[in-house]
Amino acid sequence: MTTADPPAAATADPQSPPRQWVGTPYPLGATYDGASTNFSIFSSAAEGVELCLLGDTADEQGRRDEIRIEITEVDGHIWHTQLPDVRPGQRYGYRMHGPWEPDDGLWFNSSKLLLDPYAKAIEDEVDWAPACFGYDFDDPDQPNSDDSAPHVPLAIVSDPYFDWGNDRAPLVPRHETVIYETHVRGFTKRHPEIPEELRGTYAGIAHPVAIDHLVGLGVTSLELMPVHQFIHDHHLHTKGLRNYWGYNSVAFLAPHNLYSSRDPLGTPQEFKTMVKALHAAGIEVILDVVYNHTAEGNDLGPTLSWRGIDNHAYYRLMDGDPRHYLDFTGTGNSMNMRQPHVLQLIMDSLRYWVLEMHVDGFRFDLASALARELYEVDRLSAFFDLVQQDPIISQVKLIAEPWDVGEGGYQVGNFPPHWSEWNGQYRDTIRDFWRGEPSTLAEFGYRFTGSSDLYEADTRKPTASINFVTAHDGFTMADLVAYNEKHNEANGEDNRDGESHNRSWNHGVEGPTDDPEIDELRRRQRRNLMATLVLSQGIPMILGGDEIGRTQGGNNNAYCQDNEVSWYDWDDVDTEFLEWTSRLVAFRAAHPVFRRRRWFQGRRIRGIEDMAWFRPDGEEMSDVDWDTGHARSVGVFVNGESIQATDMYGARILDDTFFLILNASDLDLDWQLPGDRWGARWIIDLDTEDPGVGTNDRPSIGVEAGGTLTVTSRSLLVLRRTARTLSESHPAVGGGASADTSAAPPRRSSA
């Protein structure tokens, strides 16, 4: 056994130590009650624990005055004490004493100042000095005795008080939800109408200009990329880059301090102010959370918190080789979801963000890793059991990224019934359909109608599917139609990083072009993609910036680009596409048939099916038609009288009936509308070839039943029925039973 001891604290005064009471083991963390602060930390393997109080200011070397307080009270592996003289704003950390035996997975090194896993406010960053690492670079079996305190983040005792006033959660029903995925910093960093000191911060999002944009767009829920305190990876630091995305957490209860316009102590209050402002505008806040791994990486990573507190408890270690870590995330380590105190930390974090920070839901990064109790993904793992029975967490929106990098980690469709999932199959299918890939119609049918083949058998609803075409990881929508290949050279990895198979299409020229025909085709394809996304059954998620035409110059992995590559360019807004996107979202909100709570059943409503599929000749699709590899066009009838829902007063909800034509082929088609059993007269509400049709300036075009429309190649039309079918007025025509052959693509449950 080897023990590493740091030099004596600079200003610890053993003659006059601060007053110290016994305190309580719970709640964990540093808790100020208005008169004193209780400190509590879990470690089942430490032999001694010191609470370190740091001074407010640092010298040129980053050193602060430090007072060390031995904690002697231990209950059930919880070390605790209470200090009546400590108030909010006090910087603190821990030094843990115990064995240094790396081959046995024990990394205790009291020269390392460790971050409280329950810290609620944090100051400073990791500067990646050698002292941040627990081992000696020249001999990794030996401890590094350099004091890390001047080089690592410090926890701050937080003031829990905040005036929430009459804040109320918007409680947007899942089927009415439209998610906008964005980044706290990138969203407002370049916005000229937001004061410079607020750009890129929580206060920037709370600014009326930012909120007006979201309200005007019509989104209901803001999904923020990680805001848990994170650090910038060492390999990025050496290249002069930064971890822009933030999937590198170092604390699960603290909002990231660099997104604050205030001093670090005020960061939680600024975050709460943002949530309060968004709620006042009727917008939910959903957090992208990263509980599957931490920023400490593998055995060669830094010792910042969990590794030095209780490595065996917090991490999944290799069987028979506990020096190394099981890695289901591609980041070097995985959290130990079999350990009760790890599960407690995650659940305490989730409850804190709901109860204290008033957030409305969570999107779980690499959620399959959370389900790994042994090696296989177990959908009934302890984590999901805890979420299911928790009276707080079970009531908010829960979204899984249903995969990790481990074997068997792709779990789309396999999460519990009350969860929604990022539907990667939806993304791939919609991209393939609109770029003209063969044999996509049947798959498209399921994705457009909510992916019943993935979710219906488990009593889930269409809202189980989070539909997206683009997300932070990959091309933006503007780049999806402008690049065949990734262009990630700026990331410093010789363009080896990022996905190589993007299902994108540059339409003839790689990158920007002056060719007006290519430019117009790209714009039409973006309108097609956005219209398909917003009008599909399920929950649409719009990638922030797509609505204004944001480009990353072909970079499909901009995780390290904390600069103009990733920041939204508000001086170059595609106003036409912004108006188109806003119009689509408003159209969806106005028509419940595009946001159904239940699946289409293929049954008749007043003599007409709730949904049907058609060929360009006006005839219904057959099994053979679905399997035709060269077919790239389809018509969709959706019956607005089939919603099967009531409003809050019990009145039945009815909607208009629509016919959609999606022509992904490279040919203009003469499309014949169905016969008058389906609708006697129709008007065009939306046309991606001519986006002005259906607006106040451009009256809708009327078409009679059985009439023919010329549908431009790679375009989408939405027609609304304005006169009912003949079958409704002539009993001899309709009302009888007929075989159901068109509610969904063949061979699977109906969509």
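The values are calculated or read from the model by the stated rules, or taken from the named source; none is laboratory data. Remember, it's a predicted structure, so these values are computed and weren't measured experimentally. Note that we place each Cβ from the backbone using ideal geometry, even for glycine, and neighbour counts take in every protein chain shown. For accessibility, only protein heavy atoms count, side chains too; no ligands or nucleic acids. Shrake-Rupley method; radii C 1.70, N 1.55, O 1.52, S 1.80 Å.
Values (1) 0.91; (2) 1.04; (3) 1.19 are given for comparison; Cα Rg over 2.2 N^0.38 Å, derived from the coordinates here, is the one labelled (2). Taking all protein chains as shown and a probe of 1.4 angstrom, Glu620 keeps an accessible surface of around 60 Å². A protection proxy built from the mean count of other Cβ atoms within 10 Å ranks the segments 167-178, 578-589, most packed first, as 578-589, 167-178. Approximating the spin labels as points 7 Å out from Cα along Cα→Cβ, the Glu101-to-Thr722 distance works out to 8.3 nm. Over region 46-205, the ratio between the Cα radius of gyration and 2.2 N^0.38 Å evaluates to 1.38. Across the options Tyr483, Asn502, Thr463, the greatest Cα extent toward the positive end of the charge dipole of region 461-579 (unit charges at beta carbon of Lys, Arg, Asp, Glu) belongs to Thr463.
Taking amide H as placed 1.01 Å from N in the peptide plane, Tyr325 has its amide H under 5 Å from the amide H of Asp299, Met318, each at least 5 places away in sequence or on another chain. For Leu355, neighbours were defined as the other residues whose beta-carbon sits under 13 Å from its Cβ, and their charges (Lys and Arg +1, Asp and Glu -1) total -2.
Accessible area of Asp104 (1.4 Å probe, protein heavy atoms only, ligands and nucleic acids ignored): about 80 Å². Under 5 Å from the amide H of His358 lies no amide H of any residue 5 or more positions distant or on a separate chain, with H modelled from the backbone and absent for Pro and chain starts.
Here the contact order of the chain, divided by its residue count and restricted to Cα pairs under 8 Å and six or more residues apart, works out to 10 percent. When region 42-167 is described by a simple charge dipole with +1 on each Lys and Arg Cβ and -1 on each Asp and Glu Cβ, the residue from Gly55, Val86, Leu113 located farthest towards its positive end is Val86.
In debye, nearest 20, what is the charge dipole magnitude of region 267-323 about its Cα centre with +1 on Lys and Arg Cβ and -1 on Asp and Glu Cβ, if you could check? Working shown, then result.
On the way: 5 positive and 8 negative charges, 43 e Å.
Taking the Cα centre of region 267-323 as origin, the dipole is about 200 debye.
Enter the Cα centre distance for the pair region 128-193 and region 203-269, rounded to the nearest angstrom. Spelled out, the Cα-based centre of one part sits 8 Å from the other.
Report, please, the projected area of region 607-696 averaged over directions, based on the convex hull of its C-alpha atoms, in nm².
Taking a quarter of the hull surface, the average projection is 8.2 nm².
Surface analysis of the chain yields an accessible area of 37 Å² per residue, using protein heavy atoms and a 1.4 Å probe. Could you state the angle between the C-alpha long axis of helix 208-217 and the longest principal axis of the C-alpha atoms of the chain, as a value from 0 to 90 degrees rounded to the nearest 10? Value to nearest ten degrees: 30. The angle between the Cα long axis of helix 516-535 and the longest principal axis of the Cα atoms of the chain comes to about 80 degrees, rounded to the nearest 10. Counting only Cα atoms, the size of region 231-328 along its three principal axes is 54, 30, 23 Å, in decreasing order. Between 0 and 90 degrees, the angle of helix 575-590 with respect to the longest Cα principal axis of the chain falls at about 80 degrees. Spatially, region 465-543 and region 61-109 are offset by 49 Å when compared through their Cα centroids. Pairs of Lys residues in the chain, spaced 8 or more positions apart or belonging to different chains, with C-alpha separations under 29 angstrom: 15 in total.
On the basis of the beta-carbon distance and an R0 of 22 Å, Ser500 and Lys239 show a calculated FRET efficiency of 0.50.
Working with all protein chains in place, sort His487, His507 by solvent-accessible area computed with a 1.4 Å probe, largest first.
His487, His507
With a cut-off of 15 Å between beta carbons, the residues surrounding Leu236 carry a summed charge of -4, where Lys and Arg count +1 and Asp and Glu -1. Where the alpha-carbon atoms of region 455-547 are placed on the principal axes, they occupy 48, 34, 21 Å, in descending order.
Would region 445-494 count as rounded, prolate or oblate if I go by the C-alpha gyration tensor, calling it rounded below 1.5 in a/c and otherwise prolate when a/b exceeds b/c, oblate otherwise?
Verdict is prolate for region 445-494.
If both residues of a DSSP beta bridge must be in the chain, then about 75% of such bridges are antiparallel.
Considering only alpha-carbon pairs that sit under 8 angstrom and 6 or more positions apart, the relative contact order computed for region 518-592 is 38 percent.
Each of Pro512, Val593, Val209 was placed along the dipole of the chain (beta-carbon charges, centred on the mean Cα), and the one lying farthest toward the positive end is Val593.
How would region 131-216 be classified by its alpha-carbon gyration tensor: rounded, prolate or oblate, with rounded meaning a/c under 1.5 and the a/b versus b/c comparison settling the rest? Prolate shape, in that a/c is at least 1.5 and a/b is the bigger ratio. Taking all protein chains in place and a 1.4 Å probe, what share, in percent, of the accessible surface of the chain do carbon and sulfur account for? C and S fraction of accessible area: 48 percent.
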